[in-house]
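The values are calculated or read from the model by the stated rules, or taken from the named source; none is laboratory data. Because the structure is a prediction, the values reported are computed rather than measured. Glycine also receives a Cβ, built like all others from the backbone with ideal geometry; neighbour counts cover every protein chain displayed. Surface accessibility is based on the protein's heavy atoms, side chains included, excluding ligands, DNA and RNA. Shrake-Rupley method; radii C 1.70, N 1.55, O 1.52, S 1.80 Å.
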Amino acid sequence: MALRMLARETGIDMRRIDEARDLSDQEIEVLDAVRTSLSTEVPLWVRVPGKSPTPLEAAAWVRKEVLARKARVLVIDYLGLLDVTGAAGKGGTRAQEIGVATKALKAAALDTGATILLLAQINRQSEGRDGQIPRLSDLRDSGDIEQDADGVWLLHYPYRVDQSKPKDLIEVIIGKNRGGQAGETLRLRWHGPTVKFSD
């Protein structure tokens, strides 16, 4: 995360920073200044649990971070890594278990007023369609993901399907937007070496 932030803020290729390769004195000065600035100005905490948390443990973590650190945005990477086994009771399906997770996290967001970004995978159905553009119905494992979310953003990389498209184009499809208009597509430029999105 730190490397990505340094690359994004300085415009220096992340691999060069990581390997400390061919960095000029001026680049080292810039990196040091940005590192100092980020360490004091960007309140970012990363937690890597020793085991996959259950939905209730993930929701408790959200509440704890909001209370202890006044966190406003929490990112869970990703839904498939939560331990949902048995969450829906004996005989519960995978879809029901995922639904327990999304409902627990939705309740935590409503209780605390924090924003939760819950990353999720899509299934492979889109690969059989012309253009391979993802849809809400492609969300993997459960319709509860769509139902419980206030917003769903689907990422699409057109170049992977059609090499005549710009290699740096990423499309963000607004699949759901409870507070506004859905169906729009934002077109962003992606610069891989500095891990940066721009207009």
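In the chain, the portion of solvent-accessible area held by carbon and sulfur atoms comes to 52 percent [1.4 Å probe, whole percent, DNA, RNA and ligands not counted].
Between the listed residues Pro55, Pro193, Leu79, the Cα displaced farthest toward the positive end of the dipole of the chain, a dipole computed from Cβ unit charges relative to the Cα centre, is found at Pro55.
Taking the Cα centre of segment 1-49 as origin and assigning +1 to Lys and Arg Cβ atoms and -1 to Asp and Glu Cβ atoms, the resulting dipole is close to 360 debye. Dipole orientation for the chain: of the candidates Leu105, Thr115, Gly175, Leu105 has the Cα lying most toward the positive pole (charges on Cβ; Lys, Arg +1; Asp, Glu -1). Rounded to the nearest 20 debye, the dipole magnitude of the chain is 540 debye, with +1 charges on Lys and Arg beta carbons, -1 on Asp and Glu beta carbons, and the Cα centre as origin. Within the chain, helices built from complete DSSP H runs that reach 18 Å or longer along their own axis (Cα positions) and carry a mean Kyte-Doolittle hydropathy of -0.5 or higher are 25-41, 55-69, 94-112. Rounded to the nearest 0.05, the FRET efficiency derived from the C-beta distance between Ala20 and Leu188 at R0 = 22 Å is 0.15. Per residue, segment 1-155 exposes 65 Å² of solvent-accessible protein surface, assessed with a 1.4 angstrom probe and all protein chains in place. Take 126-132, 179-185, 103-109 and order them by the average number of nearby Cβ atoms within 10 Å per residue, most first; the result is 103-109, 126-132, 179-185.
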